[in-house]
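Structure first, commentary second.
Throughout, read-outs are computed from the coordinates displayed, never taken from laboratory work. This structure is a prediction, so every number in the text was calculated from the model and none was measured. Note that each Cβ is placed from the backbone with ideal geometry, even for glycine, and that neighbours are counted across all protein chains shown.
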Amino acid sequence: MTDKNLTRRNAVAAITAMGGLAAASSFKTAKAQDEVVSQQAFKLTDLAQQNMETDGPYLRFFDNQTMSTGVYALKTGAVDQQQPHRYDELYIVTEGRAKLRAGNEIFDATTGSIFFVKAEIEHRFEDITEDLNVIVFFSKATPE
């Protein structure tokens, strides 16, 4: 199954899982010059299950011209292998406990924590004491 099919099949319930808006089924909206953009909703529990079935800790479930979004899962005691990225990044911790090292700072990463990491900053999760599940948003805007 391709990432495109995965995106079309799922829908916005990651927001619901965090206590936000109710999930809606897929719908379409018109854009300039009659270009149709499909809106999607996603169920966090489904994404977590799909991520467990993949080889790596990261599953990208949404990608367009302006942003990319995925779920990132690290088991207790795991070593985070990620490298700095070329885009700004926002993490939302949905479950678990760890430390986030970003540049020279260390933050407690627990359920409900939200972190912004600027493009190209060295960062990683450390000291993972409870299985860590994170929603990751990448901006595709060119850093100024």
Charge sum, other residues only, whose C-beta stays under 12 Å from Tyr91's C-beta, Lys/Arg counted +1 and Asp/Glu -1:
-2
From phi via Karplus (6.51, -1.76, 1.60), per-residue ³J(HN,Hα) for segment 78-93 in Hz, x at Gly/Pro:
5, 9, 6, 9, 5, 10, x, 10, 7, 10, 4, 9, 10, 10, 10, 7
Just order 122-135, 68-81, 45-58 by mean Cβ neighbour count inside 10 Å, highest at the front, would you?
122-135, 68-81, 45-58
Which three extents, in angstrom, do the Cα atoms of segment 83-144 have along their principal axes, listed largest first?
35, 22, 15
